[in-house]
1. Mind listing whichever residues of segment 333-345 are within 16 Å of ligand 1 (Cβ to nearest atom) and open to solvent by 20 Å² or more (accessible area, probe 1.4 Å)?
2. Please specify each residue of segment 284-310 satisfying the condition of being open to solvent by 20 Å² or more (accessible area, probe 1.4 Å), farther than 16 Å from Glu343 by Cα and either within 16 Å of ligand 2 (Cβ to nearest atom) or part of a strand (DSSP E or B) (or both).
3. Keeping to segment 152-208, report how many residues are open to solvent by 20 Å² or more (accessible area, probe 1.4 Å), within 16 Å of ligand 2 (Cβ to nearest atom) and in contact with a Leu (Cβ under 7 Å, 6 or more places away or on another chain).
4. Only one of these conditions is not met by Ile279: (1) open to solvent by 50 Å² or more (accessible area, probe 1.4 Å); (2) hydrophobic (A, V, I, L, M, F, W, C); (3) under 24 Å from the mean Cα position of the chain (by Cα). Which number is it?
5. Output the residue which, of all residues in segment 346-403 that are outside any strand (DSSP E or B) and of a type in the set (Lys, Arg), is modelled with the lowest pLDDT.
6. Can you pull out the residues in segment 310-334 that are among the charged types (D, E, K, R) and either without any contact (Cβ under 8 Å) to a residue 60 or more places away in the chain or on the phi > 0 side of the Ramachandran plot (or both)?
7. Pick out, from segment 8-111, the strands (runs of 3 or more DSSP E) lying fully within it that include 3 or more residues that are open to solvent by less than 20 Å² (accessible area, probe 1.4 Å).
8. Go through segment 232-257 and give me each residue that's open to solvent by less than 10 Å² (accessible area, probe 1.4 Å) and either free of Cβ contacts under 8 Å to residues at least 40 places away in the same chain or of a type in the set (A, V, I, L, M) (or both).
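The values are calculated or read from the model by the stated rules, or taken from the named source; none is laboratory data. What you see is a predicted model; the values in this text were computed from it and never measured. Note that each Cβ is placed from the backbone with ideal geometry, even for glycine, and that neighbours are counted across all protein chains shown. Note: accessible area is taken over every heavy atom of the protein model, side chains too, but ligands, DNA and RNA are not part of it. Shrake-Rupley method; radii C 1.70, N 1.55, O 1.52, S 1.80 Å.
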Amino acid sequence: MNVYDSQRIQNMLEGRGYEKTDGIKDADVIIFNTCSVREKATNKVFSALGRARKENGFATLGMVGCVARETDKDAFRRIPGLNFVLGPQSYHKLPLVLENPDAKHLYVDLSGLEKFDELPTMTSSELVAYIPIQEGCSHCCTYCIVPFTRGPEISRPFDDCLDDAKLAVGQGAAEICFLGQNVNGYKYNLAALIREVAKLSGVRRIRYTSSYPTEMTEELIELHGAEPKLLPFLNLPLQSGSPNILSAMNRPYDIEEYLGIIKKLRTHRPDIQISSDFIVGFPGETPADFEMTCKIAREVGFINSYSFKYSKRPRTAAAIMPDQIPEAVKKERLAILDDIINENMRSFNKSCIGKTFDCMLEREEKSGNLIYRTPYMQQVIVKGPSNEFCKIKITDGNKCSLRGEICQ
Ligand code: 5AD
Ligand code: SF4
């Protein structure tokens, strides 16, 4: 979601004659687009803002995104040289800021879908197009700040999302990634949207992120078997393998239900690979609770995960729960879980050696190596020649990336 927001901001500035620069000293405008899901990033952004102001005393300096909304006007007190603070639903106001760059600007309201109407038409030459189909989240997991920073869940109209996909495809995009905090809860039917977008001949790959387990409809599960353009890879965050912790997190599903969804997905699309998000060290998490998480991580064989130590966030219910877990224990548990997931990934990567996949070019490295993505979103490193799409035979599989050869 932040990558998408940054692309829109960059696009808006380029439309007004700005160019990207690598050096902070050369910049006329410096913008930090921020995430407040965990505390560490919030702290880091304030030191980075302070450093940027020291390095460049003249540029218009601002903060955009969830930390902007979280800290509100207090951001001006913390960084006196800051010019603007724009929340994740207010960054379309940037032109107002640039008209009067030396003033202090604060726009952190939840304006819902307003930004989508106000932003200039997106232009992009990227192969992957991120299309948000939803803003905010109404799930209210007890650890999560998102419902406060991005507000309650609102779905964008079906035709607006379809038009965005058509526009992106017209500009050369071939992979469509639908975005939302609760993307499969999209009010106007994600499965129907995927089916429509799959009809566009320029579209080769479709994926969506991030999903909530109990919002996986039968229709969407079946589509994974019926629609070849839908990638056989899904991020389905479980967060914990312990029923007690899931209940304290206010994630009202049980493990059997989750496993049932995975089983159905595998029935329809036997090669589908699953990734998850996990939080370790949630308040009250006992060694036995954590062991349940490890057990399920092995059993499901998640090939990837965004696993994090629990981080206390302001205004969330979990922040004031008793039995907060010491940092050292969280660190230890995270390392154990990471090892399990890495082992799953290694063994899946190994099983790919000798197989051939349709891959899409992601980027070219300075070394001349090309980085592709398999249908399971693994990175494959190959030596040229560079085609945007090609069949790649996997020759080697280590921990996080594969190596391969382009099949002529
Ligand atoms: N502490 C740690 N991780 C968190 N996440 C959300 N809030 C917190 C928090 N307070 C993680 C969840 C979510 C992902 C986007 O970030 O795992 O799925
Ligand atoms: Fe946060 Fe995701 Fe829970 Fe929504 S579903 S409250 S975004 S963790």
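1. Arg333, Leu334, Ala335, Asp338, listed by residue number.
2. Phe308, Lys309
3. The number of residues fulfilling the criteria is 1.
4. Status for Ile279: all satisfied but (1).
5. Lys399
6. Within segment 310-334, Arg315, Asp323, Glu327, Lys330, Lys331, Glu332, Arg333 meet the criteria.
7. Those strands (runs of 3 or more DSSP E) span 60-65, 84-86.
8. Leu234, Leu236, Leu238, Ile245, Leu246, Met249
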